[in-house]
Amino acid sequence: MVGELFELEMFGEGVERRYRKMRPEVEAMPWGSFDLGKLSPAAILAGRQGWTAAAFQEHRTGVACCMALRAMMEARAPVDLIALASRFPLDEMVHVELCARMAMELGGATALRHDPDHMLVEADPALPALLRASAMVTRFFCVGEALSIPLLRATWHAAVQPLPKAILGRIVKDEAAHGTFGFAFLDWALGKLDDDGVKFVAAEADRAIRFLQNTWTPRRESTVELPDETGDTLGWMRSQAYLALAERSLEDKVRAPLRAREIPITA
Ligand SMILES: [Fe+2]
Ligand SMILES: [Fe+2]
């Protein structure tokens, strides 16, 4: 089998206590409250898979934040901008734990394999730091994080039970800053890029937009509308309404602000 199992652990003791102090909201969630009562075994399994995949996505986003942060530091981006973004990897670790524990609540995570050496496409190391930072901030933040905010907010609205509602509420709260950050970075970086640099940013944005659109294809082609019997948000996330919101948000939250900065995207 390819890849490694996505498994997580805690160090515990003083390290965990210090982490808990930094982010007390994790323990404050209504753990143990999720009512599995009316759920079919298939729905519970779908929930376990969904929250396991969510934990992995948050973990992957944490890697993306670190890659972008490093390049921003190397590019000597403004200190306050870097300082703001240095909170993001911690936010993502909190999200990893929240999603993983939600999967536990449903009976445990499911097996998910991944390649830890190829989590994301890093910017070409031969490029200057400013271009590397611009590439990764554009792909991970201006496209990825900017688009995920409206989708997460709608998913939070769709959540019924208190536990997924609280988890998604926390994630939405943290993500608000992640989504707007990318454009603040671009407002600084664009002043330093020549025409080729701006075209390069556009190509990176196009690539990230096309990648996202490809991930929606299986959902768009499936005509099955899942009943919302999973008791949380999985039914909603597989619905045509979710896809419609994703398309709309891609226009309003990603393409429009890129075009407003005269970045010549084509995707
Ligand atoms: Fe996150
Ligand atoms: Fe994020």
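The values are calculated or read from the model by the stated rules, or taken from the named source; none is laboratory data. All of these numbers come straight from a predicted model, not from anything done at the bench. Neighbour counts run over all protein chains shown; Cβ positions are idealised from the backbone, glycine included. Accessible surface is based on the protein model in full, side chains and every heavy atom, while ligands, DNA and RNA are left aside. Shrake-Rupley method; radii C 1.70, N 1.55, O 1.52, S 1.80 Å.
The protection proxy used here, the mean number of other Cβ atoms lying within 10 Å of each residue, ranks peptides 9-18, 246-255 as follows, highest first: 246-255, 9-18.
Based on C-alpha pairs under 8 angstrom that are at least 6 apart in sequence, the chain has a relative contact order of 24 percent. Within the straight-line cut-off of under 25 Å between alpha carbons, the lysines reachable from residue 38 are 165, sequence neighbours fewer than 8 places apart in one chain being disregarded. For the chain, the spread of Cα positions along the three principal axes, ordered from largest to smallest, is 60, 50, 37 Å.
Taking 117, 35, 196 and ordering them by how much accessible surface each has at a 1.4 Å probe, largest first, produces 117, 196, 35. Considering only 116, 147, 182, and ranking their Cα positions along the charge dipole of segment 87-217 that arises from unit charges at the beta-carbon of Lys, Arg, Asp and Glu, the one farthest toward the positive end is 147. Full extension of the segment from residue 211 to residue 42, taken as 0.36 nm per residue of separation minus the current Cα-Cα distance, would add 57.9 nm.
Lysines within cross-link reach of residue 192: Cα-Cα under 26 Å, excluding same-chain residues under 8 positions apart? By straight Cα distance, residue 192 reaches 253. Extension gain, residue 126 to residue 160, is 7.4 nm, computed as 0.36 nm per intervening residue step minus the present C-alpha separation.
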